[in-house]
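Undergrad: Below is a structure I'd like to ask you about.
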Amino acid sequence: MMNDQQQEFHHLAHTLVNEMDKIIKDKLLFLRFLVLSFLVRGHILVEDVPGVGKTTAIKALARLIKDASYGRIQCTPDLLPYDITGVEIYDAQSAQFHFSKGPLFHDIVLVDEINRATPKTQSALLEAMAERQVTVSSKSYDLSELFWVAATQNPLEQNSTYPLPAAELDRFLIKLSPGYPEFETECQITGDDPGTHLLSKLEAAVNKQTLLRAQQCIDQVFCDEKHIKLAVRIASLTRKDPAITMGVSPRGPIGLLKLAKAHALFSNREFVTDEDIIPLVIPVYQHRIIAAEAHLDTQGFLQQAIKSACEEFYQ
């Protein structure tokens, strides 16, 4: 049976998903993975065409956390690193430099159209995402304990864009796509326009301290050796095929198991099962793979890797 702290996590995760479902309708799996990634403090990359609710979903989540600060970075080619990290400003009266914090010092940071920022600016996110700190003029500053990055990008329009390098993609725990709504849902959305009329009415559902306390119980979830080996085996299969230039790094299985533990709590269990591992493999691993040929179906490749690994461990 789950203990009180794990029950609190279960209730909190369901509350956030249900409240967000009022705005982003009939996308429960997308919302579940988004919320669980947030709860394990794993940064996310949301890639899809414009107008499907990428930005709205992040704004809705931010509104549900009572005392969490929210910042948005609109990426453009002229955006500079100090525009997001902050900069030291000289104060003539005190004859000293004072650090003016950038938007990365918020709890929840939306990096909109991240692939429109230049590589130099994109690289300014690396230290923040990996170490939860920024360094300016040889001095390091700690970021929020809750610090979480949600980045968006459009996969179709490539004019004036800069593809994310592998090192930065690897910093994202998961890559998600909400997709187009179903016909009936789109009719309802068209009539209600929830992003305009309902988002402003969304009330906070949880405070920051409750959230931080709930996050501490994730490591208590039991994961047996079989599931650890399954996660690692699938990752290792991506490194041995000549069709793959770069496979999943060790950061992939680590993130997968952490997210699987959160998914187990969401499903009212204190232990990990195949149902927690398998559905998360593609969204956690796919963006970490670089194919030798651009036309390679990496999703299909991963599905075959999952099948091979499962046959190996369950025969």
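Undergrad: Express the relative contact order of the chain as a whole percentage, based on alpha carbon pairs under 8 Å and six or more residues apart in sequence.
TA: Worked out over the chain, it gives 23 percent.
Undergrad: Taking H placed 1.01 Å from N in the peptide plane, check which residues at least 5 places from F97 or on another chain put their amide H under 5 Å from its amide H.
TA: Counting only residues 5 or more places away or on other chains, the set is D91.
Undergrad: Here's something else I'd like to know. Ignoring solvent entirely, what values of log10 I(q)/I(0) come out of the Debye formula for region 211-292 at 0.11, 0.18, 0.22 Å⁻¹ when each Cα is a single scatterer?
TA: Calculated log10 I(q)/I(0) at the listed q: -0.31, -0.72, -0.96.
Undergrad: Region 19-92: which trypsin sites (Lys or Arg not before Pro) are DSSP loop and have at most 14 other beta-carbon atoms within 10 angstrom? Can you show the working numbers first?
TA: Values: sites: K22, K25, K27, R32, R41, K54, K59, R63, K66, R72; in loops: K22, K25, K27, R41, K66.
Sites meeting the loop and neighbour criteria: K22, K66.
Undergrad: Given the alpha-carbon gyration tensor of region 128-206, what are the semi-axes of its equivalent ellipsoid in whole angstrom, ordered largest first, with each equal to the square root of 5 times an eigenvalue? Mind dumping the intermediate values first?
TA: Working: eigenvalues 223, 90, 27 Å².
Taking √(5λ) for each Cα gyration eigenvalue gives 33, 21, 12 Å.
Undergrad: May I pose another question? Starting from the exponent 0.38 and prefactor 2.2 Å, build the expected Rg for the chain from its residue count and divide its actual Cα Rg by it. Intermediate values should be presented prior to the final figure.
TA: Numbers: Rg = 20.2 Å, N = 315, 2.2 N^0.38 = 19.6 Å.
Relative to the 2.2 N^0.38 Å estimate, the chain comes out at 1.03.
Undergrad: I'd like to check one number: the per residue accessible area of region 21-92, probe 1.4 Å, reported in Å² as a whole number. It would help to have the intermediate numbers written out before the result.
TA: Working: 2930 Å² over 72 residues.
Heavy-atom SASA per residue in region 21-92 reads 41 Å².
Undergrad: Given H placed 1.01 Å from N in the peptide plane, which residues other than close sequence neighbours of V111 have an amide H under 5 Å from its amide H?
TA: Residues meeting the amide H criterion: I73, A150, A151, T152.
Undergrad: Under the rule of at least 5 residues apart or a separate chain, name every residue whose amide H is placed under 5 Å from the amide H of F271.
TA: F222
Undergrad: Taking every DSSP beta bridge with both residues inside the chain, roughly what % is antiparallel (nearest 5)? Could the numbers behind the result be given before it?
TA: Values: 12 of 30 bridges.
Of the beta bridges lying entirely in the chain, close to 40 percent run antiparallel.
Undergrad: Now for a different question. When only DSSP loop residues count, what trypsin sites (Lys or Arg not before Pro) in region 218-273 have their Cβ near at most 10 other Cβ atoms within 10 Å?
TA: Numbers: sites: K226, K229, R233, R239, K240, R251, K258, K261, R269; in loops: R239, K240, R269.
Filter output for region 218-273: K240.
Undergrad: Okay, moving on. With a 1.4 Å probe and all protein chains left in place, how much of the accessible area of the chain comes from carbon and sulfur atoms, in whole percent?
TA: Working: 7700 of 15160 Å².
Carbon with sulfur: 51 percent of the solvent-accessible area.
Undergrad: While we're on this one: Provide the per residue accessible area, probe 1.4 Å, for region 246-315, rounded to a whole number of square angstrom. Walk me through the numbers before you get to the answer.
TA: Values: 3220 Å² over 70 residues.
Accessible surface, normalised per residue, equals 46 Å².
Undergrad: Given a 1.4 Å probe, how much area per residue of region 162-223 is accessible, in Å²? Kindly include the intermediate steps, with their values, before the conclusion.
TA: On the way: 3580 Å² over 62 residues.
Accessible area per residue, region 162-223: 58 Å².
Undergrad: Could you compute how much accessible surface E203 exposes when probed at 1.4 Å, giving the result in Å² to the nearest 10?
TA: Per-residue accessible area (E203): approximately 140 Å².
Undergrad: Give K120/K226; K66/K120; K120/K229; K59/K101; K22/K307; K22/K175 a once-over and call out the pairs whose C-alpha atoms are over 32 Å from each other. Can you show the working numbers first?
TA: Numbers: K120/K226 41 Å; K66/K120 34 Å; K120/K229 37 Å; K59/K101 21 Å; K22/K307 36 Å; K22/K175 22 Å.
Among K120/K226; K66/K120; K120/K229; K59/K101; K22/K307; K22/K175, the Cα-Cα distance tops 32 Å for K120/K226; K66/K120; K120/K229; K22/K307.
Undergrad: So how do 193-200, 156-163 stack up, highest first, on mean other-Cβ count within 10 Å?
TA: Numbers: 193-200: 13.1, 156-163: 11.5.
Top of the packing list down: 193-200, 156-163.
Undergrad: Report the charge-dipole magnitude of the chain in Debye, nearest 20, computed about the Cα centre from +1 at each Lys and Arg Cβ and -1 at each Asp and Glu Cβ. Spell out each step's value before the answer.
TA: Details: 31 positive and 40 negative charges, 103 e Å.
In total the dipole reaches around 500 debye.
The values are calculated or read from the model by the stated rules, or taken from the named source; none is laboratory data. In this text, all values refer to a predicted model and were calculated from it rather than measured experimentally. Cβ sites come from the backbone with ideal geometry, for glycine too, and all protein chains shown count toward neighbours. The protein model used for the area step is the full one, side chains on, heavy atoms only, and it has no ligands, DNA or RNA in it. Shrake-Rupley method; radii C 1.70, N 1.55, O 1.52, S 1.80 Å.
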